[in-house]
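Peer 1: Supplied in structure tokens, the structure appears directly below.
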Amino acid sequence: EGKESVVFRAKRGDKDVCVKIYKVETSPFIHKVKYIEGDPRFKLVKKTKWDVVRVFVKKEFKNLQILHALSVPVPKPLFFYNNVIVMEFLGENGTPYPKLKDVKLNKKHVQSLFSSLWKMAHAGFAHTDLSAYNVLATPTKTFIIDLGQGVTWRHPNFTTFFLRDVNNVTTFVN
């Protein structure tokens, strides 16, 4: 559980899935309107908590679709509805992969992260909050998660956000 959402493992048929439920009444989303207002994909958004949360769910789903199509290691998006998004579960035997902050960083992690950053840059996409808390890791690979704030190159603050991501990654891999 985080300040913005609660994440559960669930079953869809015989497969594990990740169900992310965005909080509405207790969410700090009203402060995150800046990630929506400059995004030309999401125009005319009302500023009620409910509307902002629903846009964030839709935005995270679309961001996952973009990056998944580019072979950036992210959870495969399955579907969304209102304040709920369902995506691929990243883990083994019902246990999620650990966050990068909780593993001993190795050369393959660094290569995987910078490969993802390069693909994102090439596609004109910035996570905007990339940190060791928003990356899951296996011994040889990293997966980027929590993409609701992500923006495309058409956002007026894209360059600032992308450079912040690069700086964050550089800081936590050193």
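The values are calculated or read from the model by the stated rules, or taken from the named source; none is laboratory data. Just so it is clear, the structure is predicted and the values come from calculations on it, not from any experiment. In this analysis, Cβ positions are derived from the backbone assuming ideal geometry, glycine residues included, and neighbour counts consider all displayed protein chains. Each accessible area value is taken on the protein alone, full model and side chains, heavy atoms only, with ligands, DNA and RNA left out. Shrake-Rupley method; radii C 1.70, N 1.55, O 1.52, S 1.80 Å.
Peer 1: Using 7 Å Cα-to-Cβ label points, what is the Ala10/Leu105 separation (nm, one decimal)?
Peer 2: 3.5 nm
Peer 1: Based on Cα positions only, what radius of gyration and what Dmax would you give for the range 73-174, in angstroms?
Peer 2: Radius of gyration, then largest Cα-Cα span, for the range 73-174: 13.8, 42 Å.
Peer 1: Let me ask something else about it. With unit charges on the beta carbons (Lys and Arg positive, Asp and Glu negative) and the dipole taken about the Cα centre of the chain, which residue among His127, Trp153, Gln111 sits farthest to the positive side?
Peer 2: The residue sitting farthest along the positive end of the dipole is Trp153.
Peer 1: Kindly report the accessible area of the chain per residue (heavy atoms of protein chains, probe 1.4 Å, no ligands, DNA or RNA), in Å². Please list the in-between numbers first.
Peer 2: Values: 9450 Å² over 174 residues.
For the chain, the solvent-accessible area averages 54 Å² per residue.
Peer 1: Ok, one more. Provide the convex hull volume over Cα atoms per residue for the range 65-111, in Å³.
Peer 2: Taking the convex hull of the Cα positions in the range 65-111, it is 121 Å³ per residue.
Peer 1: On a straight-distance basis, which lysines could pair with Lys15 in a cross-link, Cα separation under 22 angstrom, same-chain partners fewer than 8 positions away excluded?
Peer 2: Filter leaves Lys76, Lys99, Lys141.
Peer 1: Just the number: Rg to Rh for the chain, Cα atoms, Kirkwood Rh, two decimals.
Peer 2: 0.95
Peer 1: Compare Leu130, Leu67, Leu105 in a GNM of the chain, Cα atoms joined below 10 Å, and give the one with the largest fluctuation.
Peer 2: With Cα springs under 10 Å in the chain, the top fluctuation among Leu130, Leu67, Leu105 is at Leu105.
Peer 1: State the percentage of accessible surface on the chain attributable to carbon and sulfur atoms; use a 1.4 Å probe and exclude ligands, DNA and RNA. Write out the running numbers ahead of the final one.
Peer 2: On the way: 5170 of 9450 Å².
Ligands and nucleic acids excluded, carbon and sulfur reach 55 percent.
Peer 1: Quick check for me: using +1 on Lys/Arg Cβ and -1 on Asp/Glu Cβ, what's the dipole size of the chain about its Cα centre, in debye to the nearest 20? Provide the component values of the computation, followed by the final result.
Peer 2: Values: 28 positive and 15 negative charges, 50 e Å.
The calculated dipole for the chain is roughly 240 debye.
Peer 1: Identify all lysines with a Cα-Cα distance to Lys49 below 23 Å; exclude those on the same chain that are fewer than 8 residues away in sequence.
Peer 2: Lys49 reaches Lys3, Lys20, Lys23, Lys32, Lys34, Lys58, Lys59, Lys62.
Peer 1: At 222 nm, what helix-only mean residue ellipticity would the chain give, in deg cm²/dmol to the nearest 500, using -39500 (n - 2.57) for each DSSP H run of four or more? Don't jump to the answer; show the numbers that get you there.
Peer 2: Numbers: 4 runs with 58 residues, N = 174.
Helix contribution divided over all residues of the chain: -11000 deg cm²/dmol.
Peer 1: Highest first, please rank the peptides 84-92, 7-15, 165-173 by the mean number of other Cβ atoms sitting within 10 Å of their residues. Write out the running numbers ahead of the final one.
Peer 2: Numbers: 84-92: 18.7, 7-15: 10.7, 165-173: 15.6.
Averaged packing, sorted descending, gives the order 84-92, 165-173, 7-15.
Peer 1: Please compute the contact order of the chain in relative form: average sequence separation of alpha-carbon pairs under 8 Å and at least six residues apart, divided by the residue count, as a percent.
Peer 2: Numbers: 283 pairs, mean separation 37.7, N = 174.
Computed over the chain, the figure is 22 percent.
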